[in-house]
Amino acid sequence: MLLCDYIYCRAPYDEGLDACPSCGYPRDTSRLRDPAFIAGQEVAGLPASIIDMHQILPAFDGVLEMQLAVMQRFGVRRALIQSAPPQASSLWGNGQLLQVVAEHAERFWVSHFIDPRHPEAEAALQAFADSGVKVVKLLPPAGWRGDDPAFDGFWGTMQDLGQVAMIHTGFITARHKKEEAKAGAFMSSRYANPLFFDRPARQFPDLQMILCHTGGALWFEEGAQMVTQHDNVWGDLSGFGHFALRRLLQLQVTVDWSKLFWGNDAPPFAYPFNLRLTLQSLRRHGAEHLTQGLLHDHAQRFGERFLT
């Protein structure tokens, strides 16, 4: 038996197969960059239109063209592209994403990254607003707690500017270790518990927060409480959020499903794998009725209220 190499799957399967029967991830990973391979992928049970609320653009040649082609292939009407710290050279960051919006404003929203500890952080927020960017990407595993009173001015400025805080929660993948070593800055998942944002959500009730991955496999219940109890807190089910989805369904955790939405959070070629895994989890737990909302309607409502 083999284990699927895809990090969000890892299902066992027979060695005689050339792809994982669960998610479709190929054993020959060179096929992932082959347009014909992606074009041949089928995903049954998708809504007519999808909105992706958490996507990244890895820094390889032709990534934007691949992203647009895959969106067309699977009916992704719009995607929110996440920015990355300047040290993360493997992903597109603030400057490159402005180019994306300039060329394809109708297809993308984008975030801009800032560390709230930066001495000019509040001025940067104003600059983001002036450039039309409404979503601010925040990475607590870089070593800060969201409920530190030192950041109250930062949160207040975001609220005043009508910005959306896009906050990493849950375990941060250890795949970044080489890049962390190169940058000389190591992260810690302990700061990514959703409850660190409970006090800011109370103190700044008009600041909209999206908890990326909804706490993941570690803090999915904390994420569910935050989303359900706070009017201004939402969650995405991208990346390790797939494990949050599985646990929320399996354990029948009380959560306001209308405030959760789907995201890919992987290179563009991974859309069919992530969509299959999401649909499988919903089917397995008799929750197919959530499909339209998670993959489109909830994100559309959020975008209309806060991103336009």
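Considering only segment 172-226, how many residues are polar (S, T, N, Q), modelled with pLDDT under 95 and touching a Phe, Trp or Tyr at 6+ places or on another chain (Cβ under 6 Å)? So the count comes out to 1.
Within the group Arg276, Arg246, which residue is modelled with pLDDT of 95 or more, crowded, with 21+ Cβ neighbours inside 10 Å and either among the basic types (Lys, Arg) or touching a strand residue (DSSP E or B) at 6+ places or on another chain (Cβ under 9 Å) (or both)? Write out each step before concluding.
Working: Arg246 fails: crowded, with 21+ Cβ neighbours inside 10 Å.
After applying the criteria, what remains is Arg276.
When you scan segment 262-270, do you find a residue that is over 18 Å from Thr169 (Cβ atoms), in contact with a Cys (Cβ under 8 Å, 6 or more places away or on another chain) and surrounded by 18 or more Cβ atoms within 10 Å (Cβ to Cβ), even just one?
Taking segment 262-270 and keeping what is over 18 Å from Thr169 (Cβ atoms), we get 267-270.
Retained after the next criterion (residues that are in contact with a Cys (Cβ under 8 Å, 6 or more places away or on another chain)): none.
No, segment 262-270 has no match at all.
Does Asp147 count as in a loop (DSSP other than H, G, I, E, B), closer than 22 Å to Glu120 by Cα and of a type outside the set (Gly, Ala, Ser)? Explain how you work it out, then say what you get.
Values: in a loop (DSSP other than H, G, I, E, B): yes; closer than 22 Å to Glu120 by Cα: yes; of a type outside the set (Gly, Ala, Ser): yes.
Yes; evaluated as a whole, the condition is true for this residue.
Output the number of residues of segment 188-215 satisfying the condition of being within 23 Å of Arg247 (Cβ to Cβ), buried (at least 22 other Cβ atoms within 10 Å of the Cβ) and either among the aliphatic types (A, V, I, L, M) or in contact (Cβ under 8 Å) with a residue 40 or more places away in the chain (or both). Give the derivation first.
To start, the set of residues in segment 188-215 that are within 23 Å of Arg247 (Cβ to Cβ) comprises 188-198, 201, 209-215.
Subsequent filtering for residues that are buried (at least 22 other Cβ atoms within 10 Å of the Cβ) retains 192, 194, 197, 201, 209-215.
Next cut, either among the aliphatic types (A, V, I, L, M) or in contact (Cβ under 8 Å) with a residue 40 or more places away in the chain (or both) only: 192, 197, 201, 209-215.
Looking only at that region, the number is 10.
Those residues that are of a type outside the set (A, V, I, L, M) and either in a loop (DSSP other than H, G, I, E, B) or crowded, with 20+ Cβ neighbours inside 10 Å (or both), I need them from segment 88-110; list them, please. Across segment 88-110, the qualifying residues are Ser89, Ser90, Trp92, Gly93, Asn94, His104, Glu106, Arg107, Phe108, Trp109. Total residues in segment 1-45 satisfying the condition of being of a type in the set (S, T, N, Q) and farther than 23 Å from Phe60 by Cα: the figure is 1. Among the residues of segment 261-301, those that are of a type in the set (A, V, I, L, M, F, W, C), assigned to a helix (DSSP H, G or I) and closer than 12 Å to Ile50 by Cβ comprise Leu275, Leu279, Leu294, Leu295, Ala299.
Residue under question is Phe128, and the condition is that it be closer than 27 Å to Gln225 by Cβ and either part of a helix (DSSP H, G or I) or in contact (Cβ under 8 Å) with a residue 24 or more places away in the chain (or both); does it hold?
Considered against the rule, which asks whether it is closer than 27 Å to Gln225 by Cβ and either part of a helix (DSSP H, G or I) or in contact (Cβ under 8 Å) with a residue 24 or more places away in the chain (or both), Phe128 comes out as no.
With the condition kept exactly as written, say whether any residue in segment 65-84 is surrounded by fewer than 20 Cβ atoms within 10 Å (Cβ to Cβ), within 20 Å of Lys182 (Cα to Cα) and in contact (Cβ under 8 Å) with a residue 12 or more places away in the chain. Within segment 65-84 (the criterion being surrounded by fewer than 20 Cβ atoms within 10 Å (Cβ to Cβ), within 20 Å of Lys182 (Cα to Cα) and in contact (Cβ under 8 Å) with a residue 12 or more places away in the chain), the answer is no, since none of the residues qualifies. Screening Gln87 on (1) at pLDDT 95 or above; (2) in contact with a helix residue (DSSP H, G or I) (Cβ under 6 Å, 6 or more places away or on another chain) shows it passes everything except condition (1).
Candidates in segment 171-229 are the residues that are β-branched (Val, Ile, Thr) and in a helix (DSSP H, G or I); of these, the one that is farthest from Asp52 (Cα to Cα) is Thr228. Count of segment 39-69 residues, restricted to those that are under 19 Å from His296 (Cβ atoms) and in contact with a strand residue (DSSP E or B) (Cβ under 6 Å, 6 or more places away or on another chain), is 7. Annotation note: of Phe128, Phe113, Phe151, the sole residue that is surrounded by 15 or more Cβ atoms within 10 Å (Cβ to Cβ), touching a Pro at 6+ places or on another chain (Cβ under 7 Å) and under 27 Å from Met71 (Cα atoms) is Phe113.
The values are calculated or read from the model by the stated rules, or taken from the named source; none is laboratory data. Being a predicted model, the structure only gives us computed values, none of them experimental. Here the Cβ is made from the backbone with ideal geometry for all residues, glycine too, and neighbour counts use every protein chain on show.
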